[in-house]
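Only one structure is covered here, and it is reproduced in the block below.
The values are calculated or read from the model by the stated rules, or taken from the named source; none is laboratory data. The structure presented is a predicted model; accordingly, all values stated were derived computationally and were not measured. A quick note on method: Cβ atoms are made from the backbone with ideal geometry, for glycine too, and the neighbour counts reach across all protein chains shown.
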Amino acid sequence: MVSRATASVPPVPEPPEPPVPREPLVLGIESSCDETGVGIVRGTRLLTNTVSSSMDEHVRFGGVIPEIASRAHLDAIIPTLGQALAEAGVELDDVDAIAVTSGPGLAGALMVGVCAAKALAVATGKPLYAVNHLVAHVGVALLDTSLFDGGQLPDNLGALLVSGGHTEILRVRNLADDVELLGATIDDAAGEAYDKVARILSLGYPGGPAIDTIAADGDRTAFRFPRGLSAPKYMKSKADGGHRYDFSFSGLKTAVARCVEQFEARGETVPVADIAASFQEAVVDVITSKTVMACREHGITTLLLGGGVAANSRLRALAAQRCAEAGVELRVPKPSLCTDNGAMVAALGAQVMVSGAAASDLDFAPDTSMPVTSSHL
Amino acid sequence: MLILAIETSAVASAALVTDHGPPTALPRVRAEFVTEDTRSHAEVLAPGIRQMLDDAGTGPGDLDAVVAGVGPGPFTGLRSGIVTARTLSFVWNRPLHGMMSLDSVAWRVAVDGVHDDAGSDFLVATDARRKEVYWARYRLADGMPELHDGPHVGPAAGLPQLPVYGAGAGLYADVVDAVPGYAMIQPEAGALGELALLRLAAGARPVDTTPLYLRESDAKVPGPRKRATGAGRS
Ligand SMILES: [Zn+2]
């Protein structure tokens, strides 16, 4: 008789990992700046995009005050979450994963969204994906069905992201793991320059729409403001220590201030519309020329424009013109998807999940300068 | 009752606190986790809570309420605990209560019986950074700490001349009457949860989780831009 004690015991099979759904239902949380966003997507289908903004609280300061933004996130996050679930008609139980912006962004602001997302993961037992805010600005394009066919990003894709917090040129091979930073601002973001110049011209906050509006009545050739980092000495490649695709807007802001002071010193009326139009032209000219150059030199055939400043009329016009001349297809998501939002975070989270990447460990830290080479943690 | 308490006004901590047991027994901490670091709350809090719940075999169905320390405390750390508590309460559909964080230290003083000078006040102080402390004034009544003044924020040198408990005392032992053995203790979820349970059982009016920042956001409204005039440059 064979002793059962010596018979080999078959190992208890590990419970199989649940298969990743082809179109996962993902809830995304965004809190990197002044928008508290919760979005819900199913794969590349947008179910809801709920945003609560603290912008009004920053108006009197002429720029985003990090502590005020963080306080507003704390107050807004649960109501926004509840509203998003109600609008999408989704129960948390049905969700396949949570996604959250872990950077780049303002430290205290990021922390609120990250803690809420981690708590959601603890409370529901769902996997959590910590994703990159900049890459999410690209991923959001999948949700706008008018942009690309078949819910897939095209080959040879580049992205130009312009907002109050960032100004970057990206090359996107794969959202989940292959995004390259070609160029970025070395000081102010473009939107920040708009805010500062709007303050110099007493046009109010946020500066982007204010300057865009008044610039329509001005002559954009009235003044020749500097195009930062465009002199030949800066046009070497990054590898050679140059700033070929990088931007700088702090000198431009100073030049505008000088110009205004000169009119005031002479006791003359400041030609606000002409200055606004000329400033806007300087920003948009340098951004679009460097971006199209980057497209040409990197074989980029489709360019996605994202970030809050993508709504700027002159940026869109000049980008369209120069992309057309260079044979580059320009795509701009609808405005609600260009500004910071939770749907973009959910969209990227879904792509990362479908790629088979492991969920983030719960002990990750928000990273205020998370590089685009790290599309998720 | 069984509650989950979260307190992050100084260190990050969470505790499961219960009052199951003989009616006269004090609430007790069933499980807890406490960090010593005051700057990594966003990293450690959620995994700490998950581990604690798993180890204790406790699920949301076992919980009667979630309690959060609402400060005063440095803003970013404080918010990490409050947003975590709010989210857990929302998802689990459990009541959420706020507790003033300095009460945690006052309760330690009361249970340990260290402040036996009956009828006399004592202070609790924690580190407010920027060379200031968060502080409040307490008195014991029937073994329970009663808040008599505060919470406030200010320099330690401006505190009333009374014995001071808590890490704010240890930091400024040269200018305040720091109580030995209690000059380094921090608000923690365990003690906070115990006091919360006693108050809930006694039918105290619930407090919400609005944070006690005590300081403005530091934001300055920019003044009007200086106009350049020819006259001004003469
Ligand atoms: Zn953004």
message = Within region A:345-354, does at least one residue satisfy the condition of being more than 14 Å from chain B (Cβ to nearest Cβ), touching a residue at least 40 places away in the same chain (Cβ under 8 Å) and out of contact with any strand residue (DSSP E or B) (no Cβ under 6 Å at 6 or more places or on another chain)?
response = yes
query = From the set of residues in region A:148-166 that are in a loop (DSSP other than H, G, I, E, B) and farther than 23 Å from A:Lys290 by Cβ, which is nearest to the ligand (Cβ to nearest atom)?
reply = A:Phe148
ask   = If you go through region B:191-198 one residue at a time, do you hit one that is of a type outside the set (Ser, Thr, Tyr) and either surrounded by fewer than 22 Cβ atoms within 10 Å (Cβ to Cβ) or within 14 Å of another protein chain (Cβ to nearest Cβ) (or both)?
value = yes
ask   = Considering only region B:44-64, how many residues are closer than 19 Å to A:Thr124 by Cβ and in contact (Cβ under 8 Å) with a residue 60 or more places away in the chain?
value = 2
task = Spot the failing condition for A:Arg171; the list is (1) away from chain B (no Cβ under 14 Å); (2) within 14 Å of the ligand (Cβ to nearest atom); (3) modelled with pLDDT of 95 or more, and only one is missed.
result = (2)
task = Six or more apart or on different chains, Cβ under 7 Å: which pairs go from a residue in region B:12-25 that's without any contact (Cβ under 8 Å) to a residue 40 or more places away in the chain to one that's among the basic types (Lys, Arg) and part of a loop (DSSP other than H, G, I, E, B)? Could you list them?
result = none
task = Considering only residues that are touching a His at 6+ places or on another chain (Cβ under 7 Å) and not in a helix (DSSP H, G or I), look in region B:178-213 and name the one that is nearest to B:Pro23 (Cα to Cα).
result = B:Pro206
query = Residues in region A:96-116 that are assigned to a loop (DSSP other than H, G, I, E, B), surrounded by fewer than 24 Cβ atoms within 10 Å (Cβ to Cβ) and within 14 Å of chain B (Cβ to nearest Cβ): how many?
reply = 1
query = Of these, A:Ala119, A:Ala141, A:Ala72, which one is in contact with a strand residue (DSSP E or B) (Cβ under 6 Å, 6 or more places away or on another chain) and either away from the ligand (no atom under 15 Å from the Cβ) or part of a helix (DSSP H, G or I) (or both)?
reply = A:Ala141
query = Has region A:48-56 got any residue that is within 16 Å of the ligand (Cβ to nearest atom), part of a helix (DSSP H, G or I) and more than 8 Å from chain B (Cβ to nearest Cβ)?
reply = yes
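Going by the conditions given, is A:Leu81 at the interface with chain B (Cβ under 10 Å from one of its Cβ atoms) and touching a strand residue (DSSP E or B) at 6+ places or on another chain (Cβ under 6 Å)?
yes
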request  = Could you tell me which numbered condition A:Thr269 fails, if it satisfies all but one of (1) among the hydroxyl-bearing types (Ser, Thr, Tyr); (2) more than 16 Å from the ligand (Cβ to nearest atom); (3) touching a residue at least 40 places away in the same chain (Cβ under 8 Å)?
outcome  = (3)
task = Can you give me the number of residues within region A:17-34 that are buried (at least 24 other Cβ atoms within 10 Å of the Cβ) and in a strand (DSSP E or B)?
result = 5
task = Please verify whether region A:126-146 includes one or more residues that are closer than 15 Å to A:Val38 by Cβ, among the aliphatic types (A, V, I, L, M) and within 14 Å of chain B (Cβ to nearest Cβ).
result = yes
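Which ones in region A:122-138 are in contact with a Leu (Cβ under 9 Å, 6 or more places away or on another chain), of a type outside the set (A, V, I, L, M, F, W, C) and not in a helix (DSSP H, G or I)? Working first, answer last.
Residues of region A:122-138 that are in contact with a Leu (Cβ under 9 Å, 6 or more places away or on another chain), as a first pass: A:122-124, A:126, A:128-138.
From what is left, the residues that are of a type outside the set (A, V, I, L, M, F, W, C) are A:124, A:126, A:129, A:132-133, A:137.
Once the filter is applied, which keeps residues that are in contact with a Leu (Cβ under 9 Å, 6 or more places away or on another chain), of a type outside the set (A, V, I, L, M, F, W, C) and not in a helix (DSSP H, G or I), region A:122-138 yields A:Lys126, A:Tyr129, A:Asn132.
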ask   = Here are A:Tyr129, A:Tyr205: which of them is aromatic (Phe, Trp, Tyr), at pLDDT below 95 and either surrounded by 24 or more Cβ atoms within 10 Å (Cβ to Cβ) or within 20 Å of A:Ser313 (Cβ to Cβ) (or both)?
value = A:Tyr205
key: strands (runs of 3 or more DSSP E) contained entirely in region B:1-106, each with at least 3 residues that are surrounded by fewer than 21 Cβ atoms within 10 Å (Cβ to Cβ)   = B:28-34
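Quick grid of which residues meet (1) under 23 Å from B:Gly150 (Cα atoms); (2) over 15 Å from the mean Cα position of the chain (by Cα):
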{"residue": "B:Val11", "(1), (2)": "yes, no"}
{"residue": "B:Leu26", "(1), (2)": "no, yes"}
{"residue": "B:Val29", "(1), (2)": "no, yes"}
{"residue": "B:Thr35", "(1), (2)": "no, no"}
{"residue": "B:Asp64", "(1), (2)": "no, yes"}
request  = Determine whether A:Glu180 is touching a residue at least 40 places away in the same chain (Cβ under 8 Å) and either in a helix (DSSP H, G or I) or within 14 Å of the ligand (Cβ to nearest atom) (or both).
outcome  = no
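Out of region B:25-59, which residues are acidic (Asp, Glu) and either on the phi > 0 side of the Ramachandran plot or within 14 Å of chain A (Cβ to nearest Cβ) (or both)?
Correct list: B:Asp37, B:Glu43, B:Asp54, B:Asp55.
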note = Result of the Cβ filter at 6 Å on region A:303-331, keeping first residues that are farther than 17 Å from A:Asn341 by Cα and among the basic types (Lys, Arg) and partners that are in a loop (DSSP other than H, G, I, E, B) and away from the ligand (no atom under 16 Å from the Cβ), at least 6 apart or interchain, is A:Arg331/A:Leu147
